[in-house]
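Chemist: Once you've had a glance at the structure underneath, I'll fire off some questions.
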Amino acid sequence: QVQLVESGGGLVQAGGSLRLSCAASGSIFSINAMAWYRQAPEKQRELVAGITSGGSTKYADSVKGRFTISRDNAKNTVYLQMNSLKPEDTAVYYCAAEDGEEAYWGQGTQVTVSS
């Protein structure tokens, strides 16, 4: 089992920045990849960014060049640096991890970008 706890959400003006953190605990040695997803009201949950255990990354087209995903293996933490935020980035952001058998989710953290 893997437990994930997100932090760092909040209210920011358009053009501002936030950094989300996701601390993993439990059977962390089994994690293959981690990712950030988001879900806006009345919209489906979508992948924002992902990172493998080897450090390979991928991003949604809508955030390329603005968001950066990174991981600190010593702290068992994954980060999402979000710059040049737009009102359409407003959503609940979820951290996710997979170990090849199961997917694990955090409780989510709200990000609100005001225009």
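Chemist: Hey, can you tell me all the residues within region 28-45 that are surrounded by 14 or more Cβ atoms within 10 Å (Cβ to Cβ) and either of a type in the set (S, T, N, Q) or assigned to a strand (DSSP E or B) (or both)?
Modeler: Ser30, Ala33, Met34, Ala35, Trp36, Tyr37, Arg38, Gln39
Chemist: Let me ask another. Has region 69-78 got any residue that is under 13 Å from Leu18 (Cα atoms) and at pLDDT 95 or above? Show your work before the answer.
Modeler: Going through region 69-78, the residues under 13 Å from Leu18 (Cα atoms) turn out to be 69.
Next, only the ones that are at pLDDT 95 or above stay: 69.
Yes; the residues of region 69-78 include at least one that is under 13 Å from Leu18 (Cα atoms) and at pLDDT 95 or above.
Chemist: Residues that are open to solvent by less than 60 Å² (accessible area, probe 1.4 Å) and within 12 Å of Ala33 (Cα to Cα), at least 1 per element: which strands (runs of 3 or more DSSP E) completely within region 56-114 meet that?
Modeler: Of the strands (runs of 3 or more DSSP E) lying wholly inside region 56-114, those with at least 1 residues that are open to solvent by less than 60 Å² (accessible area, probe 1.4 Å) and within 12 Å of Ala33 (Cα to Cα) span 67-72, 77-82, 91-98, 103-105.
Chemist: Same structure, new question: Could you tell me whether any residue of region 47-55 is among the hydroxyl-bearing types (Ser, Thr, Tyr) and part of a strand (DSSP E or B)?
Modeler: Step one: list which residues in region 47-55 are among the hydroxyl-bearing types (Ser, Thr, Tyr), which gives 52-53.
After this cut, where a residue has to be part of a strand (DSSP E or B) as well, the list is 52.
Looking through region 47-55, at least one residue is among the hydroxyl-bearing types (Ser, Thr, Tyr) and part of a strand (DSSP E or B).
Chemist: Pick out the one residue from Ala60, Ala35 that is aliphatic (A, V, I, L, M) and over 10 Å from the mean Cα position of the chain (by Cα).
Modeler: Details: Ala35 fails: over 10 Å from the mean Cα position of the chain (by Cα).
After applying the criteria, what remains is Ala60.
Chemist: May I pose another question? I'm trying to understand the selection: among the residues of region 1-25, which are open to solvent by 50 Å² or more (accessible area, probe 1.4 Å) and either at pLDDT 95 or above or in a strand (DSSP E or B) (or both)?
Modeler: Applying the first criterion (open to solvent by 50 Å² or more (accessible area, probe 1.4 Å)) to region 1-25 yields 1, 3, 5, 7, 11, 13-15, 17, 19, 25.
Result: Gln3, Val5, Ser7, Leu11, Gln13, Ala14, Gly15, Ser17, Arg19, Ser25.
The values are calculated or read from the model by the stated rules, or taken from the named source; none is laboratory data. Quick caveat: nothing in here was measured; it's all calculated off a predicted structure. Counting neighbours? That spans all protein chains shown, and the Cβs are built from the backbone with ideal geometry, glycine included. When the accessible area is computed, the model is the full protein with side chains, heavy atoms only, and any ligands, DNA or RNA have been set aside. Shrake-Rupley method; radii C 1.70, N 1.55, O 1.52, S 1.80 Å.
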